[in-house]
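Here the structure comes first, spelled out in structure tokens, and everything after it is commentary.
The values are calculated or read from the model by the stated rules, or taken from the named source; none is laboratory data. Because the structure is predicted, anything quoted here is derived from the model rather than measured. Here Cβ is always computed from backbone atoms with ideal geometry, including for glycine, and neighbour counts include all displayed protein chains. Accessible surface areas use protein heavy atoms only, side chains included; no ligands, DNA or RNA. Shrake-Rupley method; radii C 1.70, N 1.55, O 1.52, S 1.80 Å.
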Amino acid sequence: MMEKVYPVTLEGKLKLEEELEMLKTVKRKEIVERIKIARSFGDLSENSEYESAKDEQAFVEGRITTLENMIRFAQIIDSDSADKDTVSLGRTITFVELPDGEEEEYTIVGSAEADPFEGKISNDSPIAKALLGHKLNDIVKIETPGGSMDVKIQKIS
């Protein structure tokens, strides 16, 4: 069975490794301590602190497994080897919505490190899918859940 590959920048992989380390060394210990304290309250069947700590423990263990898998199957994006004039993973794209929209800038990254609040969009997003492979000054039609829009690529870096 083929495992899923997670395209990430080197910076993104380092962030994933940092989060994994924090969860394993800090968060796990905190939760174990919370469980220990909650157990001291007595009857576990009606102990909301205990249930809350166990729920958090399950979430953290799931996240650890997910991160380990993402790191194991990470594929580092090498944007330096790609054509500088073509939209590809790891590139920052500046475009303007036509006819007279505002300029927008996004970096296209793998889903593992996407963060729209930081201007990093997943290669699986409608905007990135539409832009990938296009060149500087191309006009691209982007289909989004909110409707379609035409954009002109202003800059690729």
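When you look at Lys155, is it out of contact with any helix residue (DSSP H, G or I) (no Cβ under 9 Å at 6 or more places or on another chain), open to solvent by 60 Å² or more (accessible area, probe 1.4 Å), touching a residue at least 24 places away in the same chain (Cβ under 8 Å) and closer than 23 Å to Glu11 by Cα, yes or no? Steps first, please.
Details: out of contact with any helix residue (DSSP H, G or I) (no Cβ under 9 Å at 6 or more places or on another chain): yes; open to solvent by 60 Å² or more (accessible area, probe 1.4 Å): yes; touching a residue at least 24 places away in the same chain (Cβ under 8 Å): yes; closer than 23 Å to Glu11 by Cα: yes.
Answer is yes for this residue.
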Tally, over region 1-25, of residues that are open to solvent by less than 100 Å² (accessible area, probe 1.4 Å), over 14 Å from the mean Cα position of the chain (by Cα) and touching a residue at least 24 places away in the same chain (Cβ under 8 Å): 4
Among residues of region 61-95, those that are within 30 Å of Arg34 (Cα to Cα) and surrounded by 16 or more Cβ atoms within 10 Å (Cβ to Cβ), counted: 4
Which numbered condition Arg28 fails, given (1) closer than 30 Å to Ile139 by Cα; (2) open to solvent by 80 Å² or more (accessible area, probe 1.4 Å); (3) charged (D, E, K, R); (4) touching a residue at least 24 places away in the same chain (Cβ under 8 Å): (1)
